[in-house]
Amino acid sequence: MFESTVYSKRRQALRDKVGNGLILILGNNEAPANYPDNTYKFRQDSSFLYFFGHAHPGYAGILDADSGEDYFFGDDVTMDDIIWMGPQPSVKELAARVGIDKSFPFGKLKEVIGKAIAQRRKIHFLPPYRYDNMLLLEDLTGIRASLVRQHSSLELIKAVVALRSVKEPCEIEEIDKACNIGYEMHTAAMKLCKPGVSEQYITGVLDGIAASYGNMVSFATILSQNGQTLHNHDHSQILQAGRLMLTDAGAESTTNYCSDHTRTIPVGGKFTSRQRDVYSIVLACHDRALELARPGITYKSVHLEVCRVLAQGLKDLGLMKGNVEDAVAAGAHALFMPHGLGHMMGIDVHDMEDLGQCYVGYDDEVRPSKQFGLASLRMGRRLQEGFVITDEPGCYFIPDLIDKWRADKMHTDFLDFNAIDKYKDFGGIRLEDDILIIPGGSRFTGEKHIPITIEEVEEIMK
Ligand code: GLY
Ligand code: MN
C-alpha cells in the first residue's frame, strides 16, 4: 500500500470531478471455486484498490461529494475467524490507514444508501462485473441485478478513467517492479524452450515465478507453439524443433500493478530464414510504434502506421500486393493482424476495461471503428504524459481465416492467396512491450529489456 495521503488525495480529486451525490465503490468478495470455503486466490477490485487501498475481501467505501466525507464499511473479525485465520486489523484501523476516520459495520451500508435514496440524492456506482456485487447493488438500490450495469454512473466512469489513466510516480514504480518480474518470467521461458519440453511445464514455471514474488500472473498465461491463436490457453503440446513458441505473460506487483510482455522464440534456439523474415517485419512494427509514441499523438494513428509497416513488409515478402496505403485503409492487412496495437495498463492488465473500452481508449475526438481488425484496437485516443500502454504488433497465419477470406474473395487486390497458402503452417508472432509516455516520447517500463532482437534471442537461448 501507499501512504494514506495518496488515497485521500485521489478521493478528493474524485469528489471534485463528480461534483455531487454519494459515490459508492464496492470491493470484491471471496469467489468460491468448487465449494464455499475453497476459494480462488482473492483479487480486489482495481478501483477499490485505487481509492481505498486494501486488498482484502468484504469491504466497501463511500465518498460523499456534497459533505466531503468518506466512509469505510466492513465487519471486524470474530473469534472464530481469529482461530482459523489469525488476528486481523480492525476495520477502524484499516480505514485509518487510508486516511478515513469514519468506519462502520458492513450492514450499515444499506441504511446509508437507503437514506440517500429517500432524500433523492444521486448514488454513483461503477458497472459491476461480479454477480455477487450485482446482487448487492440490487439489495442496496432496489434496481434489479440484471439492470444495475445500465444504471451505473457515466460521470463516475469518466472521472475514474481521467484519474487512473495518468499514472503517479508511485504507480510507475510499481509497474516497473511488475515488469522486472516479467523479465524473469520471459527469460526463464527462453532458457526452457527446447524440443521435447511441454508447453504446460514452461507455463507452470512462469506462473510460479510470478507467485513467488507474492502475487499472481496479471492474466492467464498465453503460451503455445500455435501462436496463430491470439489468446491460446491450451498448453497441451510438446515443443517441436522448427516451431515458434509465443509467450504472452505478465505478473502483478504486491500492490497489484501489472506487466504484460510477449515474445516469440524459435524452439531450440535458432530462427529459420522464413521465421527471420516475418519476425523482422513484426520487430520493425514494434520499433516504429516506439518511435512515434509521445504525448499528443493518437494511438489510432500509431496503430495505422504500424499496419502500413506490416503491409509493406508482407508486400516485400510477396504475400500482399498493390498500394500499401490503400490496403491498410481497406483493412486487408487485418488478415495477418486482426488485433489492435495496444491497450492501457495499470492496476488491470487491460486497465479499466470493466468501465467500458469506449471511455478508456476513446473519447469524443477519436471514436471506435467497426472495421475488422481496427475494431479490436483497445486504445485509440491521444496519448498523454503518464499513460502506460502496450506496444504489441503481431503477424499471424490463421488457416481458417485464410480459407474463409479466400473463399469469400476478400481483398483480392491486396492479398496473394497462393503465396499466403504456403504459410498456413507458420503459426504466429507477437512482440509486446509496456511503455510509459514521457515528455517528447516514451520509455520501456522495468529495469531490463527482455531480449527482442534476433541476435539477443538466439544468444540467451544458447
Ligand atoms: N496480453 C494479453 C492481451 O493484451 O490481451
Ligand atoms: Mn497486452
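I'd like to check which helices (runs of 4 or more DSSP H) are fully inside region 48-145 and have at least 1 residues that are over 19 Å from A13 (Cβ atoms) and in contact with a helix residue (DSSP H, G or I) (Cβ under 8 Å, 6 or more places away or on another chain).
Passing ranges, in order: 91-97, 108-118, 131-141.
Tell me which residues, restricted to region 28-44, are closer than 23 Å to I62 by Cβ and free of Cβ contacts under 8 Å to residues at least 40 places away in the same chain.
Selection gives E30, F42.
Looking at region 249-282 only, could you name the residues that are of a type outside the set (S, T, N, Q), within 16 Å of ligand 1 (Cβ to nearest atom) and out of contact with any Pro (no Cβ under 8 Å at 6 or more places or on another chain)?
A249, G250, A251, E252, Y257, C258, D260, H261
Only one of (1) over 19 Å from F72 (Cβ atoms); (2) surrounded by 13 or more Cβ atoms within 10 Å (Cβ to Cβ) is not met by H124, so which one is it?
Just one mismatch for H124, condition (1).
Consider D400 carefully, then state whether it is of a type in the set (D, E), within 30 Å of I454 (Cα to Cα) and either within 15 Å of ligand 2 (Cβ to nearest atom) or at pLDDT 95 or above (or both).
For D400, the condition - of a type in the set (D, E), within 30 Å of I454 (Cα to Cα) and either within 15 Å of ligand 2 (Cβ to nearest atom) or at pLDDT 95 or above (or both) - is met.
Within region 207-235, count every residue that is within 13 Å of ligand 1 (Cβ to nearest atom) and hydrophobic (A, V, I, L, M, F, W, C).
Total satisfying the criteria: 6.
Pull up region 318-348, narrow it to residues that are more than 16 Å from ligand 2 (Cβ to nearest atom) and β-branched (V, I, T), then point me to the one that is farthest from the chain's Cα centre (by Cα).
Filtering first and then ranking leaves V324.
The values are calculated or read from the model by the stated rules, or taken from the named source; none is laboratory data. Remember, predicted model here, so these are calculated numbers, not experimental data. Please note: Cβ atoms are built from the backbone with ideal geometry, for glycine as well, and neighbour counts cover all protein chains shown.
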